[in-house]
There are 2 protein chains.
Amino acid sequence: MDKNAIPKATLGRLPMYLEFLTKLPAEQTPYISATTIAKKLCLGDVQVRKDLNRVSGAGRPKVGYVTADLIYSIEQCLGNKQPTNAVIVGAGRLGKALLGFDDFEHYGVNIVAAFDNNEEVIQQSGDKKILPVEQLHPFCKEHDVRIGIITVDETSAQEICEKMIAGGIRAIWNFAPCRLVVPGGVIVKQEVLAASLAHLNNQLFNM
Amino acid sequence: MDKNAIPKATLGRLPMYLEFLTKLPAEQTPYISATTIAKKLCLGDVQVRKDLNRVSGAGRPKVGYVTADLIYSIEQCLGNKQPTNAVIVGAGRLGKALLGFDDFEHYGVNIVAAFDNNEEVIQQSGDKKILPVEQLHPFCKEHDVRIGIITVDETSAQEICEKMIAGGIRAIWNFAPCRLVVPGGVIVKQEVLAASLAHLNNQLFNM
């Protein structure tokens, strides 16, 4: 099936399904139905059915899914087995917060390092390195980094974006409040955190 | 018009329109068209037309919008004139990063304080206070706080959620990876940052 068709909301729930499924005693639960998963996770039956259908096609009537196959399909979708390497440029508060998230690994992405120009935040050792920006290019080449996360301010975001692309990065998650200009074949996801808050505020007005 | 109908993506672009419009010399531009705005901001004509239509109805043919009216409509949508007070509970890296964002004000939300149990992060003075969690309830009552942002971990998220609701909060932006149980009349927006990254990774697979 076309993985492009998997919506963000479904992807957001996959790790929850995966965690539940992998904790099941394998011998006692060779099959599992969407209904059972929905009940155990307190989710809507229709929602779970749709999610699983997108990932693994329809289950067998009255039986459900082969548990092992469903686990495999979800892992394939999330890319867990071969996580994609990512880097962050901008080790301010937000950059450091993202660098500290363990959660991303469950979604098939491995943040391997952050980069910054501020010497005070550079740390060359430890699990999560923060390196000088001039090392970005060779680092990306060496570690086959495909995703770049931009948490610098808008004045340097375009420059960082170009450095990332030169280093082989093909997908950019941009938190800077500006539109990036990229060549064909590079994906940009513009993150506007404030828009979520504005949406919530808007709903509040209209209650 | 029904403000509920305004999608998040549109809300995300409104501050950009507002900034552009308020910088125009008012006397020389009593009217403005969606096409002009689209050109100046390098956006798609259809997108801008749809956005403005949602916010302010259709412009007049060949003339466009009365600039002052359009500014007023956008401000109304964003709630800029009467910003909603919000608090953050959990002043870790993410909480502090959100507390430091100036951007939220442009979206009609004013983050008035953060709360934490860790004495080392408490700061009772300054522009952005970080207060002990036991002060959450009286603070919310006193400052008419309507939005709560949860950046604690999943083990205490539900407890914080209940304290927020007791304090009068009616909309919750939850970054903790867990589903909150709330009474009717309270809105929860679950933020799964990793889902954006998973979505980007998924697109990368399928290029």
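The values are calculated or read from the model by the stated rules, or taken from the named source; none is laboratory data. Remember, predicted model here, so these are calculated numbers, not experimental data. Reconstructed Cβ throughout: ideal geometry from the backbone, glycine too, with neighbour counts over all protein chains shown. Side chains included, ligands, DNA and RNA excluded: accessible areas come from the protein's heavy atoms. Shrake-Rupley method; radii C 1.70, N 1.55, O 1.52, S 1.80 Å.
List of remarks:
- Hits in segment B:57-91 (condition: without any contact (Cβ under 8 Å) to a residue 12 or more places away in the chain and within 15 Å of B:LEU14 (Cβ to Cβ)): B:TYR72, B:GLN76, B:LYS81
- Residue in segment A:123-137 that is nearest to the other protein chains (Cβ to nearest Cβ), counting only those that are in contact (Cβ under 8 Å) with a residue 24 or more places away in the chain and open to solvent by 30 Å² or more (accessible area, probe 1.4 Å): A:LYS128
Condition check ((1) outside the structural domain of B:GLY108 (by TED's automatic domain parsing); (2) among the hydroxyl-bearing types (Ser, Thr, Tyr); (3) closer than 29 Å to A:GLN76 by Cβ) across all residues:
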| residue | (1), (2), (3) |
| --- | --- |
| B:GLU119 | no, no, no |
| B:GLY126 | no, no, no |
| B:THR151 | no, yes, no |
| B:ALA176 | no, no, yes |
| B:GLN203 | yes, no, yes |
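- Top-ranked residue of segment B:67-107 - restricted to ones that are under 21 Å from A:VAL192 (Cα atoms) and acidic (Asp, Glu), ranked as surrounded by the most Cβ atoms within 10 Å (Cβ to Cβ): B:GLU75
- No other residue among A:LEU193, A:LEU197 is touching a residue at least 12 places away in the same chain (Cβ under 8 Å) and within 14 Å of another protein chain (Cβ to nearest Cβ) apart from A:LEU193.
- B:VAL181 among the hydrophobic types (A, V, I, L, M, F, W, C), modelled with pLDDT of 95 or more and in a loop (DSSP other than H, G, I, E, B): no
- A:SER73 vs. criteria in contact with a Cys (Cβ under 9 Å, 6 or more places away or on another chain) and small (Gly, Ala, Ser): no
- The criterion of at least 1 residues that are touching a Leu at 6+ places or on another chain (Cβ under 9 Å) and β-branched (Val, Ile, Thr) is met, among helices (runs of 4 or more DSSP H) falling completely within segment A:29-142, by A:34-40, A:45-56, A:67-78.
- Residues that are over 19 Å from B:ASP103 (Cα atoms) and surrounded by 19 or more Cβ atoms within 10 Å (Cβ to Cβ) were ranked within segment A:150-162; the one that is nearest to the other protein chains (Cβ to nearest Cβ) is A:CYS161.
- Filter result for the condition that a residue is over 25 Å from B:VAL188 (Cβ atoms) and over 20 Å from the mean Cα position of the chain (by Cα), over B:GLU142, B:GLU120, B:GLU134: B:GLU120
- Output for segment B:17-28, where each listed residue is out of contact with any Lys or Arg (no Cβ under 9 Å at 6 or more places or on another chain) and within 14 Å of chain A (Cβ to nearest Cβ): B:TYR17, B:LEU18, B:GLU19
- If the condition is being open to solvent by 10 Å² or more (accessible area, probe 1.4 Å), within 17 Å of B:LEU204 (Cα to Cα) and touching a helix residue (DSSP H, G or I) at 6+ places or on another chain (Cβ under 8 Å), then segment A:170-187 contributes A:ARG170, A:VAL182, A:PRO183, A:VAL186, A:ILE187.
- Of all residues in segment A:71-115, those being in contact with a strand residue (DSSP E or B) (Cβ under 7 Å, 6 or more places away or on another chain) and of a type outside the set (Gly, Ala, Ser) number 14.
- Verdict on A:ILE169 being assigned to a loop (DSSP other than H, G, I, E, B), at pLDDT 95 or above and not hydroxyl-bearing (Ser, Thr, Tyr): yes
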